[in-house]
Amino acid sequence: MSTVLLRVLETLAGQLVVEATARGIVRIDRVGSDVVVGDDHVDDNASRPSIDPAADHLARLAEHLGSYLAGTRRSIDVPLDLEAAGVHDEFSREVYREIQHIPYGETSTYGQISVDAGRPRNARRVGRLCSLVPAQFLIPVHRVIRADGGLGACPEHRLQLLEHERRNLHAGRPVAFPRT
């Protein structure tokens, strides 16, 4: 088993708990208002050079997330460690790869992702995988919607991310994510 490094990142979208191994990012979770995070995990040194690959992945993620939320970056290019995240079956991996190919500010449906992943009758499973995504932002599940165009029971922050991307597609200049 790989060693997992944990950090709390302060972002425009709020606090995020992030885990990484030497192979990549394992998990990104939003910290709710009911969670208290001690200062010993807040990453004040996210941009310092390191010889630890996990720390390097965390620093790169912090940089890319900051730029993405500021509206100056449209992709977050940091490796994922799906094995350490507990994503072991090939269909789940393929679904997450397909979701990563949805262009910035655009959407696809659960059914289309199911077809693209090779199992056209598994739209509900795609929806379930979206709700279990280990690393939001890296696997942009906010771009996956229902066939009728609705968002279903997706969390409000996913709608905010999609709106953020669409604002930046149509604006003549970068538009930052509204602070939460």
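The values are calculated or read from the model by the stated rules, or taken from the named source; none is laboratory data. Worth saying up front: this structure is predicted, and the values here are computed from it rather than measured. Counting neighbours? That spans all protein chains shown, and the Cβs are built from the backbone with ideal geometry, glycine included.
I need the full set of residues from the stretch 72-127 which are without any contact (Cβ under 8 Å) to a residue 60 or more places away in the chain and of a type in the set (Asp, Glu), in order please.
Asp77, Asp89, Glu90, Glu94, Glu98, Glu106, Asp116
Is one or more of the residues making up the stretch 158-175 among the aliphatic types (A, V, I, L, M), assigned to a loop (DSSP other than H, G, I, E, B) and within 22 Å of Asp77 (Cα to Cα)? Yes - at least one qualifying residue is present in the stretch 158-175.
Please work out if Tyr96 is surrounded by fewer than 18 Cβ atoms within 10 Å (Cβ to Cβ), among the aromatic types (Phe, Trp, Tyr), within 26 Å of Arg60 (Cβ to Cβ) and outside the structural domain of Asp29 (by TED's automatic domain parsing). Taking the combined requirement at face value, the residue does not satisfy it. Scanning the stretch 36-53 for residues that are modelled with pLDDT of 50 or more and either buried (at least 20 other Cβ atoms within 10 Å of the Cβ) or β-branched (Val, Ile, Thr) (or both) gives Val36, Val37, Ile51. The single condition among (1) among the basic types (Lys, Arg); (2) in a loop (DSSP other than H, G, I, E, B); (3) closer than 28 Å to Asn168 by Cβ that Arg97 does not satisfy is (2).
Condition test on Gly71, is it touching a Pro at 6+ places or on another chain (Cβ under 7 Å) and either modelled with pLDDT of 95 or more or surrounded by fewer than 20 Cβ atoms within 10 Å (Cβ to Cβ) (or both)? Considered against the rule, which asks whether it is touching a Pro at 6+ places or on another chain (Cβ under 7 Å) and either modelled with pLDDT of 95 or more or surrounded by fewer than 20 Cβ atoms within 10 Å (Cβ to Cβ) (or both), Gly71 comes out as yes. Counting the residues of the stretch 127-153 that are hydrophobic (A, V, I, L, M, F, W, C), under 23 Å from Val78 (Cβ atoms) and not in a strand (DSSP E or B) gives 8.
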